[in-house]
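Quick notes on the structure that follows.
Nothing in this text is a laboratory measurement; each read-out follows from the coordinates by a stated rule. None of the values given here were measured: they were computed from a predicted structure. We place every Cβ from the backbone using ideal geometry, glycine too, and count neighbours over all the protein chains shown.
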Amino acid sequence: MSNAPGSKTELKSRIGNVEMSGAENELVRIRPMTESDLGAVLEVERLAYSFPWSEGIFRDCLRVGYCCWVLEFRDLIDGHGIMAVGGGESHILNLCVRPASQSKGFGGRLLTHLLETAHSHQADTTLLEVRPTNTRAIRLYEGLGFNQVGIRKDYYPDEGGREDALLFAIELSNLSPN
Ligand SMILES: CC(C)(COP(=O)(O)OP(=O)(O)OC[C@H]1O[C@@H](n2cnc3c(N)ncnc32)[C@H](O)[C@@H]1OP(=O)(O)O)[C@@H](O)C(=O)NCCC(=O)NCCS
């Protein structure tokens, strides 16, 4: 199997920073989000973001059929990822991990899962926006092979104003088929 930049093998091997025993690894599960998860998802969302999404936004994402996933660790929802796919492109709209569970590799696992999902839906490219001040997220994205391709002016709400977004992209064409 190819280990070229962006390949599936490489994506998996890049999640090597996970500080977990094999047994703990087996307690991590990524599964589709359902409406009954929304209470736990909103709890994580509100803990992790200064400007969290509303319940209505999550409901809309489920209703229109976006790819909505949760990450469970020991049967507790610890993260979520939401992505729109269509027309050969995919767009990650939300990637979020419970603050107490960050830096354990969960964000990398969710992101890798989203990229594999995008590839299985015949997307060639995945895009996402990130605040320039979100250095942890940017390290994660660059570590997995994303590159900055643009800036969206005044994209995010911020205390007393707006903040630009950095637009990142990754080509999925090197991923091996599922
Ligand atoms: C961004 C976020 C999802 C990352 O989740 P996480 O579970 O902490 O992510 P991981 O543990 O997989 O990776 C993050 C860390 O590993 C490092 N890392 C992971 N994979 C890496 C790789 N392949 N190469 C280099 N570094 C890597 C990151 O640099 C980062 O380091 P740090 O935690 O020591 O600063 C999480 O911080 C979060 O939910 N933040 C709040 C919401 C948010 O900002 N979401 C992103 C919106 S664009």
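Can you name the residue in region 124-146 that is of a type in the set (Ser, Thr, Tyr) and surrounded by 13 or more Cβ atoms within 10 Å (Cβ to Cβ) and is also farthest from residue 101 (Cα to Cα) among such residues? It would help to see each step written out before you state the result.
So the first thing to find is which residues in region 124-146 are of a type in the set (Ser, Thr, Tyr), and the list is 125-126, 133, 135, 141.
With surrounded by 13 or more Cβ atoms within 10 Å (Cβ to Cβ) added as a condition, the list becomes 125-126, 141.
Values: 125: 29, 126: 25, 141: 18 Å.
Restricting to residues being of a type in the set (Ser, Thr, Tyr) and surrounded by 13 or more Cβ atoms within 10 Å (Cβ to Cβ), the top hit is 125.
When residue 78 is tested against (1) near the ligand (Cβ under 9 Å from one of its atoms); (2) over 15 Å from residue 33 (Cα atoms), just one condition goes unmet, and that condition is (2).
If you go through region 34-68 and keep only what is within 11 Å of the ligand (Cβ to nearest atom) and of a type in the set (A, V, I, L, M), you end up with 44, 47, 48.
Among the candidates 85, 64, 149, which residue alone is β-branched (Val, Ile, Thr) and crowded, with 16+ Cβ neighbours inside 10 Å? After ruling out the rest, the residue left standing is 85. Checked against (1) buried (at least 20 other Cβ atoms within 10 Å of the Cβ); (2) part of a strand (DSSP E or B), residue 118 meets all criteria but (2).
Take the residues of region 104-115 that are near the ligand (Cβ under 6 Å from one of its atoms) and touching a residue at least 60 places away in the same chain (Cβ under 8 Å): which is surrounded by the most Cβ atoms within 10 Å (Cβ to Cβ)?
My answer is 106.
Residues that are in contact with a strand residue (DSSP E or B) (Cβ under 7 Å, 6 or more places away or on another chain), part of a loop (DSSP other than H, G, I, E, B), more than 16 Å from the ligand (Cβ to nearest atom) and over 23 Å from residue 29 (Cα atoms) within region 121-131 comprise 123, 124, listed in sequence order.
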